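This report concerns only the one structure given below.
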Amino acid sequence: MSANHAEIRDAVARLCEDFPGEYWRKLDRERSYPGDFVAALQDAGYLSILIPETYGGSGLGVAAAAAVLEQIHSSGCNGAACHAQMYTMGTLLRHGSDAQKRAWLPGIASGEIRLQAFGVTEPSSGTDTTRITTTAVRDGSEFVVNGQKVFISRAEHSDLMLLLVRTTPRKDVDRRTDGISVLLVDLREAVGNGLTIKPLATMINHATTQLFIDDLRVPAANLIGEEGRGFRYILDSMNAERILLAAECIGDARWFVEKASQYASEREVFGRPIGKNQGVQFPIARAHVQTEAAALMVDSAADLFDAGRQCGAQANMAKLLASEASWNAGRTCMQTFGGYGLAEEYDIERKFRETQLYQVAPVSTNLILAHVGTHVLGMPRSF
């Protein structure tokens, strides 16, 4: 970890002190959005960390963004309310036009505009992104969009959304990844004019929604990059997403390990601290080892991304290892606390629910294994 990243973590830790467990428990009970927390991060400049200084951002890399999110989670908070504002930058920064960057990035950097929604997943396609059926048909200076999206977080709390659409039917392209495009949608204009957002109740308080799109008109000027090449563009966002969410998992895992080791040292049963028992101590130690090993993979993937090198395999492996580390640490922490782990006041049950998400999203463990088996090890496709 660089000195700069250490300073970032220290500053984020101080910010998170103003948002203790009571704050998150109240939001969880009310299914509310952590607006004050997001505003504090924005005011401190952390949500614009990847935006170049030319446009008002910090101009730092994914490794620095990962340090922010890891510290948020290791402090007991949750970065899911705003993390997309970091990783969606990959598509706009690398493939947006100069005019688009000038139009949107300064407002995003200042906090005047929020870009926190990423419209990819659909009910029928799931993780097979090439089978999306949301269409965008050119009509003069606009695209007319029709379709449906599901499991789209923060759409109700975002001003802009990156939307993945088919501009050419799958049957009419040579490669299944062709014919897909990315549109930047202004939600302030779209809602009620072809876009309907409906909340989707889930186990975790992530402001999850469904989107229903009916003849939504989007300016052609909002097309990111070339028409039909959008699948390649979102890979930048997806790799950044995997790395940053893996960093969140590392933060969660470290939080669980710290809580478990502290409780095991203090809690006495049968006249001795339960941490003296190897059956309690060893699982916590193993969770720590697993977490620190996964953290090295996250660091490696982030460094490759920032160097502009291929990092798809590393980003996927980092997400798999970190998500499994956080899951194991959470399970171990829950076992260490026993019945108290189920009590809301300890925050363990909340964090344990939150870490479950990364077993299946944004990409499932099985799909990562399929990617590694096929693209890294050269075995035949399993699907």
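Before moving on, here are some points about what is shown:
- Of the residues 30, 112, the one with the largest accessible area comes first in the ranking 112, 30, computed with a 1.4 Å probe on protein heavy atoms.
- Accessible carbon and sulfur surface of the chain relative to its total accessible area, %, 1.4 Å: 50
- GNM flexibility winner over the chain from 36, 215, 303 (Cα, springs under 10 Å): 36
- Most mobile listed residue (342, 164, 187) in the chain, GNM with C-alpha springs under 10 Å: 342
- Phi-derived couplings, Karplus 6.51 cos²θ - 1.76 cosθ + 1.60 at θ = phi - 60°, listed residue by residue for segment 238-248: 5, 5, 5, 4, 4, 5, 5, 5, 4, 5, 4 Hz, with x used for Gly and Pro.
- Linear extension gain, residue 146 paired with residue 270, 0.36 nm per residue minus alpha-carbon span: 38.2 nm
- In this simple spin-label approximation, residue 177 and residue 102 carry label points 7 Å from Cα along the Cα→Cβ vector, and these lie 3.2 nm apart.
- Percentage, to the nearest whole number, of Cα pairs in segment 288-357 over 14 Å apart: 62
- Under 27 Å from residue 198, Cα to Cα: lysines that are on another chain or at least 8 residues apart: 26, 149, 351
- Annotation: per residue accessible area for segment 1-50 equals 52 Å², rounded to a whole number [probe 1.4 Å, protein chains only].
- Accessible area expressed per residue, segment 244-293, with surrounding protein chains retained (probe 1.4 Å, Å²): 53
- Local charge for residue 157 was computed over the other residues whose Cβ lies under 15 Å away, with Lys and Arg +1 and Asp and Glu -1, and equals -1.
- Gyration tensor (alpha-carbon) shape descriptor, segment 120-172, a/c threshold 1.5: oblate
- The mean sequence separation of alpha-carbon pairs under 8 Å and at least six residues apart, normalised by the residue count of the chain, gives a relative contact order of 15 percent.
- Accessible area (Å², 1.4 Å probe, nearest 10) - residue 18: 120
- GNM result for the chain, Cα springs below 10 Å: residue of 86, 203, 317 fluctuating most strongly: 203
- Residues in segment 60-195 average 35 Å² of solvent-accessible surface per residue, probe 1.4 Å, ligands and nucleic acids excluded.
- Segment 195-306: Rg to Rh, with Rh as the Kirkwood radius over Cα pairs: 1.21
- This model, with +1 at the C-beta of Lys and Arg and -1 at the C-beta of Asp and Glu, gives segment 299-359 a dipole about its Cα centre of some 200 debye.
- In the chain, helical runs assigned H by DSSP with n ≥ 4 each contribute -39500 (n - 2.57); averaged across all residues and rounded to the nearest 500, the mean residue ellipticity at 222 nm is -15500 deg cm²/dmol.
- For segment 319-383, the share of alpha carbon pairs falling in successive 10 Å distance bins from zero is 21, 36, 24, 13, 6 percent.
- Diffusion coefficient, µm² s⁻¹, Stokes-Einstein with Kirkwood Rh over alpha-carbon pairs of the chain at 4 °C and 1.567 mPa s: 60
- A simple packing score, the average count of other Cβ atoms within 10 Å per residue, orders the peptides 128-141, 325-338, 350-363 as 325-338, 350-363, 128-141, with the highest score first.
- The long axis of helix 98-110 is offset from the longest Cα principal axis of the chain by roughly 30 degrees.
- Full-stretch length increase - residue 296, residue 359 - with 0.36 nm per residue and alpha-carbon distance subtracted: 20.7 nm
- Taken about its Cα centre, segment 239-383 carries a charge dipole of about 440 debye when Lys and Arg each add +1 at the Cβ and Asp and Glu each add -1 at the Cβ.
- Overall size of segment 1-96 from C-alpha positions, given as principal axis extents largest first: 40, 30, 18 Å.
- Efficiency of FRET from Cβ geometry, residue 201 and residue 377, R₀ 45 Å, rounded to 0.05: 0.70
- Extended-chain gain in nm, criterion 0.36 nm per residue less alpha-carbon gap, residue 340 and residue 262: 26.7 nm
- Shown are 231, 282, 256, whose ranking by accessible area with a 1.4 Å probe and every protein chain present, most to least, is 282, 231, 256.
The values are calculated or read from the model by the stated rules, or taken from the named source; none is laboratory data. The shown structure was predicted, so the numbers you read here are calculated from the model rather than taken from an experiment. Glycine gets a Cβ as well: all are built from the backbone with ideal geometry, and neighbour counts include every protein chain shown. For accessibility, only protein heavy atoms count, side chains too; no ligands or nucleic acids. Shrake-Rupley method; radii C 1.70, N 1.55, O 1.52, S 1.80 Å.
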